[in-house]
Amino acid sequence: TSSDSLKVSLGSASTVNLFNGQALSVATAEAAAVAVSSLDSAINQITSLRADVGALQSRFNFASANLESSIQNQDAARGVLLDTD
């Protein structure tokens, strides 16, 4: 209906959020292990954000197709009404 709405909310993908404000280093083996763990976590967060965007795109496509179908049905009904006149 005309009162339907879609709410869009996405998380942040800034490096501060992805790496919790940490600076990554590979100077030592321990630092490199921490960096790998942080990068794995960041990749998982980005993958989740991409999935959210894909779901939103799907919802928008469905809403758009639904509106297009409604417009076509209204045009067809209007045409029948005008033909009746």
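Tabulated results
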read-out: Scan of segment 34-53 for residues that are farther than 27 Å from A63 by Cα and open to solvent by less than 60 Å² (accessible area, probe 1.4 Å), ordered by number; value: A35, S38, S41, A42
read-out: Hits in segment 40-85 (condition: more than 27 Å from D4 (Cα to Cα) and among the polar types (S, T, N, Q)); value: S41, N44, Q45, T47, T84
read-out: Flag if F19 is free of Cβ contacts under 8 Å to residues at least 12 places away in the same chain and not hydroxyl-bearing (S, T, Y); value: no
read-out: Residue match in segment 16-24 (condition: on the phi > 0 side of the Ramachandran plot, open to solvent by 100 Å² or more (accessible area, probe 1.4 Å) and either in a loop (DSSP other than H, G, I, E, B) or not β-branched (V, I, T) (or both)); value: yes
read-out: Condition check for G79: out of contact with any strand residue (DSSP E or B) (no Cβ under 6 Å at 6 or more places or on another chain), touching a residue at least 24 places away in the same chain (Cβ under 8 Å) and of a type in the set (G, A, S); value: no
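The values are calculated or read from the model by the stated rules, or taken from the named source; none is laboratory data. Only a predicted model underlies this, so the values are computations on that prediction, with no experimental measurement involved. Note that we place each Cβ from the backbone using ideal geometry, even for glycine, and neighbour counts take in every protein chain shown. Protein only, heavy atoms only, side chains kept; ligands, DNA and RNA dropped before computing areas. Shrake-Rupley method; radii C 1.70, N 1.55, O 1.52, S 1.80 Å.
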